[in-house]
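Read the structure below first, then the notes.
The values are calculated or read from the model by the stated rules, or taken from the named source; none is laboratory data. The model shown is predicted, which means the values in this text are computed figures rather than measured ones. Cβ placement follows ideal geometry from the backbone for every residue including glycine, while neighbour counts extend to all protein chains displayed.
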Amino acid sequence: SARFVAVVALLWTIDRCSNLVMTHFHLPIPGFVLGFGLLYSAVATNALPYRWIEPSARFLVKHLAFFLVPIVTGLLDYLDVLQASGVQIAIVLIVSAIIGLWATGLTAQCLVSRGGADI
């Protein structure tokens with residue numbers, strides 16, 4: 001439908017604009033972080049009603065694996081790097097994931113213990 005296409009175009013526009021801002025100002029964080037922040041702010045303030053974007057967002061999440069195929073095939077360009085340092089890369093990814101999960105769990109526990117049981 002036209003709404004679906006319009007919402008996907010809006011999400012794409014937010015992504016492109018946030019990447020341009022990050023590139024222009026040489027900020028050390030990925031553009032999609034700013035894009036998520038903008039999208040969250042728009043939904044949280046009801047400037048962009050959730051019911052408008054929900055069907056398109058569900059579709060995109062449902063087909064997320066399809067959008068990751070180009071990323072995976074792009075890894076083939078770095079097959080020599082993966083063969084030479086694959087074990088080290090895997091260790092770094094696993095350790096960083098564990099640290100991220102640990103920090104998230106610790107933060108959630110701290111927030112719940114302060115009375116934020118609605119998390």
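If a residue must be more than 23 Å from P55 (Cβ to Cβ) and of a type in the set (V, I, T), how many such residues does region 4-44 contain? Break it down into steps so the answer makes sense when it comes.
Going residue by residue through region 4-44, those that are more than 23 Å from P55 (Cβ to Cβ) are 19-31, 33-34.
Imposing the further condition that a residue be of a type in the set (V, I, T) reduces the set to 21, 23, 29, 33.
Result for region 4-44: 4.
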Quiz item: Which residue pairs have Cβ atoms under 7 Å apart, sit 6 or more places apart or on different chains, and have a first residue in region 7-24 that is surrounded by 17 or more Cβ atoms within 10 Å (Cβ to Cβ) and a second that is aromatic (F, W, Y) and at pLDDT 90 or above?
Solution: V7/W52
Exercise. Name, by its number, the condition in (1) more than 30 Å from S1 (Cα to Cα); (2) of a type in the set (A, V, I, L, M, F, W, C); (3) more than 15 Å from the chain's Cα centre (by Cα) that does not hold for I29.
Key: (3)
